[in-house]
Amino acid sequence: MDIKIRLLQLGMKQVDLIEPLRERGVTISRSEMNLAINGRGTQPQHTRALEAINDILDEKEASLNVEHDK
């Protein structure tokens, strides 16, 4: 499922992901995160960020018992 839709369902914004990403060792600016989420990022950091974002959202959804299509 699209990251933007998952964020909306969880009542989160992209900026809410910055600190959890840093805690996972992924440092990324808001503009770079936007590029990654919108599929326009081509750097390896964008791929790492997307993987970490999906993990963060999976954990959040699990804690709230929210299901999504993968």
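The values are calculated or read from the model by the stated rules, or taken from the named source; none is laboratory data. Predicted model, so just to flag it, every value in this text is computed and none were measured. All Cβ positions, even for glycine, are placed from backbone atoms using ideal geometry, and neighbour counts span all protein chains on display. SASA here: full protein model, heavy atoms, side chains in, ligands and nucleic acids out. Shrake-Rupley method; radii C 1.70, N 1.55, O 1.52, S 1.80 Å.
Against the test of being in a loop (DSSP other than H, G, I, E, B) and touching a residue at least 40 places away in the same chain (Cβ under 8 Å), the options Val26, Val66 yield a single qualifying residue, Val66. Filtering region 29-38 to residues that are open to solvent by less than 70 Å² (accessible area, probe 1.4 Å) and part of a helix (DSSP H, G or I) leaves Glu32, Met33, Asn34, Leu35, Ala36, Ile37. Of note, Glu19 satisfies the criterion of being out of contact with any Ser or Thr (no Cβ under 7 Å at 6 or more places or on another chain), surrounded by fewer than 11 Cβ atoms within 10 Å (Cβ to Cβ) and on the phi < 0 side of the Ramachandran plot. Residues in region 27-58 that are touching a Pro at 6+ places or on another chain (Cβ under 9 Å) and among the β-branched types (Val, Ile, Thr): Ile53, Ile56.
Could you check, for region 39-62, whether at least one of its residues is open to solvent by less than 50 Å² (accessible area, probe 1.4 Å), touching an Asp or Glu at 6+ places or on another chain (Cβ under 7 Å), in a loop (DSSP other than H, G, I, E, B) and touching a residue at least 24 places away in the same chain (Cβ under 8 Å)? Checked region 39-62: no residue is open to solvent by less than 50 Å² (accessible area, probe 1.4 Å), touching an Asp or Glu at 6+ places or on another chain (Cβ under 7 Å), in a loop (DSSP other than H, G, I, E, B) and touching a residue at least 24 places away in the same chain (Cβ under 8 Å).
Looking only at region 6-16, residues that are open to solvent by less than 80 Å² (accessible area, probe 1.4 Å) and at negative phi come to 7 in all.
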